[in-house]
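Below is one structure, written out as structure tokens, with a few remarks after it.
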């Protein structure tokens, strides 16, 4: 009977240590998940800001001003513009 009690006590202690270890690991994993979710939220905000910046840089007035100022481009003269009717096969 004493031997059975010792074995049962040992089983209870091992189970208790297993539960404590599992709970500790679960808390650590939950903490890591929380940190990663916060990082994901930060990345979403940064992505939104970058999309806004991209749309600003790609805006038609911005492209036109850069072409005029830095590349010294200009619109062609009206007399040199040729309109092609796409319905007639490229103007033939």
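Each reported figure results from applying straightforward, stated rules to the coordinates on display, with no laboratory input. Everything numeric in this text was worked out from a predicted model, so none of it was measured. All Cβ positions, even for glycine, are placed from backbone atoms using ideal geometry, and neighbour counts span all protein chains on display.
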Original post:
Which value in nm describes the separation of the simple spin-label points at residue 47 and residue 17, placed 7 Å from the Cα toward the beta carbon?
Top reply: 4.5
**OP:** Return the single residue from 39, 80, 62 with maximal mean-square fluctuation; model: Gaussian network over the chain, springs between Cα atoms under 10 Å.
**Re:** 80
Original post:
With labels modelled as points extended 7 Å from the Cα through the Cβ direction, what inter-label distance (nm, one decimal) is found for residue 33 paired with residue 84?
Top reply: 6.0
Original post:
Between rounded, prolate and oblate, where does segment 2-72 land on the alpha carbon gyration tensor, with a ≥ b ≥ c its root eigenvalues, rounded for a/c under 1.5, else prolate if a/b exceeds b/c?
Top reply: prolate
